[in-house]
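A.B. asks: Got a structure here, written out as structure tokens. Questions coming.
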Amino acid sequence: MFGSDKPSLRHLPENQARFDIDDDDELSRRPAQSEVHAALVRTFESPQYQPPMLPKVATELISLSAVRDVDVQQVVQVLERDSLLAGRVLKLANSPRFGGLVPIQSLRGAITRMGLREFRDLVLEAAMNSRIFRAPGYSDALDKLRMHAAATAHAARAVTRFTSFEAEYAFLCGLLHEAGSAAALVALADVPRGQTLRPMNDVWPVIEELHESLGQRLMTLWQMPAEVAMVIGNHHQLEIGGVVHPLAAIVLVAEHIVDGLGLGGPTALVPTGTDTLRKAQQLQKARAALGFDDARWRAVYKTVADALVGQKNDAAMK
Ligand SMILES: [Fe+2]
Ligand SMILES: [Fe+2]
């Protein structure tokens, strides 16, 4: 079921990255931002940190889907243990983007129609839609992040049509790439009753700075595949061991297009004066790594834009 002509990315360097917070920018932070920075580092480095978790069956399903020749019935049995999630999956499977004329009535039917890998991605999408990250006071920001992540996931999958290698985890990386930002907001919202939340102007620049490391830490706690954790930890940085990781390049390109189409980027939350020159350089680097010259880039952009029309419709149905 997982057979493909494309070479796998799994030969790439194993996750060498660690939870490593760079303190070089300490001097450029305002005192309130330094305080946010310290609070986040303290929380995420604490052995007692208990992050928002994925539903257990979603985690199990990811491990199961990596098993060669896995039994479909086994997958169904795992998901059936969480009837709420199973219901959400079936609803998504019947959304117009799958274009089936005959409604899918069972999980087995969904797997048969879309294949196990896409089914796995759908389960994760349904799980992330169920508001794993909750933070009263920051819920507007979390909603925007969720929409941005979902759009980036669909964009990333569309981008893989133009790559020559197997990008099994493109959708997952797009879906989860801002999970560190969301977890950071949840952690910062955990304040004693009556205490006001820190304003986004102080919070967001620090989250932008730390969210790759925080996301990587979260992915490890969620027991995601090492490659996913590594890509999430480097989705702006792009390079791992001195080489651009193709999945990170896909996420960056996907995110750029999503932003360009007005489907939401975290920068829309609070303008933080992100270095646009650096962003442009990173985009060029990602495009070069994926072999997207100008003509190909136009085709990629159009394909992603078309794919996201369905995504917009799905969002409207929710
Ligand atoms: Fe993003
Ligand atoms: Fe990001």
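The values are calculated or read from the model by the stated rules, or taken from the named source; none is laboratory data. Keep in mind the model is a prediction, meaning the values are calculated, not measured. Reconstructed Cβ throughout: ideal geometry from the backbone, glycine too, with neighbour counts over all protein chains shown.
A.B. asks: Is it the case, given these coordinates, that MET224 is at pLDDT below 95, more than 13 Å from ligand 2 (Cβ to nearest atom), more than 17 Å from HIS37 (Cβ to Cβ) and surrounded by 24 or more Cβ atoms within 10 Å (Cβ to Cβ)?
C.D. replies: Numbers: at pLDDT below 95: yes; more than 13 Å from ligand 2 (Cβ to nearest atom): yes; more than 17 Å from HIS37 (Cβ to Cβ): yes; surrounded by 24 or more Cβ atoms within 10 Å (Cβ to Cβ): yes.
Yes.
A.B. asks: In region 178-191, what residues are in contact with a Leu (Cβ under 9 Å, 6 or more places away or on another chain) and over 18 Å from VAL123 (Cβ atoms)?
C.D. replies: GLU178, GLY180, SER181, ALA182, ALA183, ALA184, LEU185, VAL186, ALA187, LEU188, ALA189, VAL191
A.B. asks: Which condition breaks for LEU188 when tested against (1) under 18 Å from SER34 (Cα atoms); (2) within 11 Å of ligand 2 (Cβ to nearest atom); (3) buried (at least 19 other Cβ atoms within 10 Å of the Cβ)?
C.D. replies: Of (1) under 18 Å from SER34 (Cα atoms); (2) within 11 Å of ligand 2 (Cβ to nearest atom); (3) buried (at least 19 other Cβ atoms within 10 Å of the Cβ), only one is false for LEU188: (2).
A.B. asks: Within the bounds of region 194-206, is there any residue that is under 17 Å from the mean Cα position of the chain (by Cα) and crowded, with 24+ Cβ neighbours inside 10 Å?
C.D. replies: First, the residues of region 194-206 that are under 17 Å from the mean Cα position of the chain (by Cα): none.
Within region 194-206, none of the residues are under 17 Å from the mean Cα position of the chain (by Cα) and crowded, with 24+ Cβ neighbours inside 10 Å.
A.B. asks: Being touching a helix residue (DSSP H, G or I) at 6+ places or on another chain (Cβ under 6 Å), in a helix (DSSP H, G or I) and among the acidic types (Asp, Glu) is the filter here; which residues of region 167-219 pass it?
C.D. replies: ASP202
A.B. asks: Given (1) away from ligand 1 (no atom under 12 Å from the Cβ); (2) in contact with an Asp or Glu (Cβ under 9 Å, 6 or more places away or on another chain), where does ILE232 come up short, assuming only one miss?
C.D. replies: Answer for ILE232: the failing condition is (1).
A.B. asks: A further question on this structure: Given the conditions (1) on the phi > 0 side of the Ramachandran plot; (2) modelled with pLDDT under 95, report the number of the one that GLY265 does not fulfil.
C.D. replies: Unmet for GLY265, out of (1) on the phi > 0 side of the Ramachandran plot; (2) modelled with pLDDT under 95: (1).
A.B. asks: Still on this structure, please answer the following. Since ARG68 meets every condition but one in (1) under 15 Å from the mean Cα position of the chain (by Cα); (2) touching a residue at least 60 places away in the same chain (Cβ under 8 Å), which condition does it not meet?
C.D. replies: Here ARG68 meets the rest and fails (1).
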